[in-house]
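Q: Please see the structure below; I have some questions.
The values are calculated or read from the model by the stated rules, or taken from the named source; none is laboratory data. What you see is a predicted model; the values in this text were computed from it and never measured. Methodologically, a virtual Cβ is constructed for each residue, glycine included, from the backbone with ideal geometry; neighbour enumeration extends over all protein chains shown. Heads up: the accessible areas ignore ligands, DNA and RNA and are worked out on the full protein's heavy atoms, side chains in. Shrake-Rupley method; radii C 1.70, N 1.55, O 1.52, S 1.80 Å.
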Amino acid sequence: MQWKNQLTGMKPYQPGRSIDEVKKMFGLDEIVKLASNENPFGCSPKVREFMENLSINHAIYPDGYASALRLALANVVGVEEDQLLFGNGSDEIIMMISRALLQPGVNTVMATPTFPQYRHNSIIEGAEVREVQLIKGAHDLQEMALQIDESTAVVWLCSPNNPTGMLIEQHELEEFIKKVPKEVLIVLDEAYFEYITDSTYKNSIELIKDHENVIILRTFSKAYGLAGFRVGYAVAQKELIAKLDPVREPFNNAAISQGVALVALQDSSFIESCRIQNESGIKQFEKFAKEHQLHIYPTQGNFVLLEVKADSDLVFEGLLKKGFIIRSGNAIGTPGYIRVTIGTNDQNKEFLQKLADVLKDAEVLA
Ligand SMILES: Cc1ncc(COP(=O)(O)O)c(C=O)c1O
């Protein structure tokens, strides 16, 4: 068969171990998964109510335009309805952008380490990937700008960046956008937008008004706690959305997913409460890091990247045996660190106790 050359050696996404798998492996009753930056508080109670009284006809295709969700979201975000594009998770929007703009002969610029789907999709489309090392966990926008040439089609920015959690500084972002030629699409992935508490952050939707080449990605998978329903969205000027829309598959958001996202959107107090609890969870991790002199990146997401001064895989295995699934830094380009989703305060407390035990076994802590 005539497979694309670039598929040679490519591996599918490696999901972390599932809760059931880990339970069986180690004979544990309770597992806490802090590996995929999901919401430990679940989703709005209004979504549960909605699920109990469902009246959707699943025999018919969903609304391919997601009209009700679109109208509500346009109001919340403060844009016109035709400035939105929905995806089966923002993962699908990353795929649509890559499919629409990337091909052999063009290049694409991104940070490293960052969210791996930018690279993955770019490679599938045969584009040259230009990766720019983070500086102290933050995007090196100067170097990223230097990497852009007449063959650059897409630049990917992730803010807060997964896995470091660091926000791109507002002024730097604005300067960067001014420097990038209009012919280059700038993707600003804000999957963790709802968790941002930094007072210098200005809602990036404002950037869209003046910049025809900026697209912002957000999702219902993180703070909204709906990862299982797969709803992500993009916001940009309407001409840009209109160019991308033909790439979208016609019925890419299930009717039930559109329904729950619409309900979740109406409960802003749930999001507010998650943001506050997340902030307090981050403090638990920061206190631990300070006490034990471990480096921690200043995060604006619902996860932290924490130094362990040991082989990350060993720490990962040690925590797995104690009932916590996290991400080893070895798997995400940050050896010597672990990435941990902020849990509930109780989960964090227990996790940090277990982590201290594992680090004692590894002779990192006395
Ligand atoms: C930075 C970033 N972008 C996008 C995604 C994909 O989110 P989803 O496809 O669930 O909307 C994730 C998920 O972890 C992420 O961390």
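Q: State the number of residues belonging to segment 226-243 that are within 16 Å of the ligand (Cβ to nearest atom) and surrounded by fewer than 22 Cβ atoms within 10 Å (Cβ to Cβ).
A: Of the residues in segment 226-243, 3 are within 16 Å of the ligand (Cβ to nearest atom) and surrounded by fewer than 22 Cβ atoms within 10 Å (Cβ to Cβ).
Q: Return the total of residues in segment 302-330 being under 19 Å from I19 (Cβ atoms) and without any contact (Cβ under 8 Å) to a residue 60 or more places away in the chain.
A: Selection size over segment 302-330: 6.
Q: Out of the residues in segment 95-124 meeting the condition of being within 11 Å of the ligand (Cβ to nearest atom) and part of a helix (DSSP H, G or I), tell me which one is least open to solvent (accessible area, probe 1.4 Å).
A: For segment 95-124, the residue satisfying everything is Y118.
Q: Still on this model: Take Q266 and tell me if it is at pLDDT 95 or above, open to solvent by 60 Å² or more (accessible area, probe 1.4 Å) and either under 30 Å from Y65 (Cβ atoms) or within 21 Å of the chain's Cα centre (by Cα) (or both).
A: Yes.
Q: For segment 68-89: of the residues being of a type in the set (G, A, S) and either within 16 Å of the ligand (Cβ to nearest atom) or in a helix (DSSP H, G or I) (or both), which is surrounded by the fewest Cβ atoms within 10 Å (Cβ to Cβ)? Even if it seems obvious, please write down each step before you answer.
A: Taking segment 68-89 as the starting set, the residues that turn out to be of a type in the set (G, A, S) are 68, 72, 74, 78, 87, 89.
Keeping just the survivors that are either within 16 Å of the ligand (Cβ to nearest atom) or in a helix (DSSP H, G or I) (or both) gives 68, 72, 74, 87, 89.
Details: A68: 13, A72: 17, A74: 16, G87: 24, G89: 24.
Looking at the filtered set, the residue picked out is A68.
Q: Checking the structure you have, find out if any residue of segment 295-305 is under 21 Å from the mean Cα position of the chain (by Cα), within 16 Å of the ligand (Cβ to nearest atom), at pLDDT 95 or above and farther than 21 Å from C158 by Cα. Working first, answer last.
A: So the first thing to find is which residues in segment 295-305 are under 21 Å from the mean Cα position of the chain (by Cα), and the list is 296-305.
Retained after the next criterion (residues that are within 16 Å of the ligand (Cβ to nearest atom)): 297, 299-305.
If we keep only those that are at pLDDT 95 or above too, we end up with 297, 299-305.
Now restrict to residues that are farther than 21 Å from C158 by Cα: none.
Looking for residues that are under 21 Å from the mean Cα position of the chain (by Cα), within 16 Å of the ligand (Cβ to nearest atom), at pLDDT 95 or above and farther than 21 Å from C158 by Cα, one finds none in segment 295-305, hence no.
Every residue, every condition in (1) within 16 Å of the ligand (Cβ to nearest atom); (2) within 22 Å of G89 (Cβ to Cβ), yes or no:
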position	(1), (2)
G137	yes, no
S151	no, no
V155	yes, yes
P163	yes, yes
E194	yes, yes
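Q: Next up: How many residues are within 27 Å of H120 (Cα to Cα), touching a Gly at 6+ places or on another chain (Cβ under 8 Å) and of a type in the set (D, E, K, R) if we restrict to segment 1-30?
A: The number of residues fulfilling the criteria is 1.
Q: Residue check: is I208 open to solvent by less than 70 Å² (accessible area, probe 1.4 Å), within 16 Å of the ligand (Cβ to nearest atom) and more than 25 Å from A331 (Cβ to Cβ)?
A: Answer is no for this residue.
Q: I've got another one for you. (1) in a strand (DSSP E or B); (2) open to solvent by 10 Å² or more (accessible area, probe 1.4 Å): which one isn't true of K202, the others all being true?
A: All conditions pass for K202, except number (1).
Q: Hey, another quick one. Would you pick out the residues in segment 145-199 that are basic (K, R) and assigned to a loop (DSSP other than H, G, I, E, B)?
A: Listed by number, the list holds a single entry, K182.
Q: Further question on the same structure: For P113, which of the numbered conditions (1) more than 14 Å from the chain's Cα centre (by Cα); (2) on the phi < 0 side of the Ramachandran plot fails to hold?
A: (1) is the only condition that P113 fails.
Q: Given the conditions (1) among the acidic types (D, E); (2) part of a strand (DSSP E or B); (3) within 12 Å of the ligand (Cβ to nearest atom), report the number of the one that E92 does not fulfil.
A: E92 satisfies every listed condition except (2).
Q: Can you pull out every residue in segment 5-19 that is open to solvent by 70 Å² or more (accessible area, probe 1.4 Å) and under 20 Å from E92 (Cα atoms)?
A: K11, P12, Y13, Q14, P15
Q: Identify, from the list V129, V47, the residue that is closer than 30 Å to I338 by Cα and away from the ligand (no atom under 15 Å from the Cβ).
A: Working: V47 fails: closer than 30 Å to I338 by Cα.
Answer to the check: V129.
Q: If you don't mind, another one. Tally the residues that are touching a residue at least 60 places away in the same chain (Cβ under 8 Å), crowded, with 24+ Cβ neighbours inside 10 Å and near the ligand (Cβ under 9 Å from one of its atoms), restricting the search to segment 215-225.
A: Here the count works out to 4.
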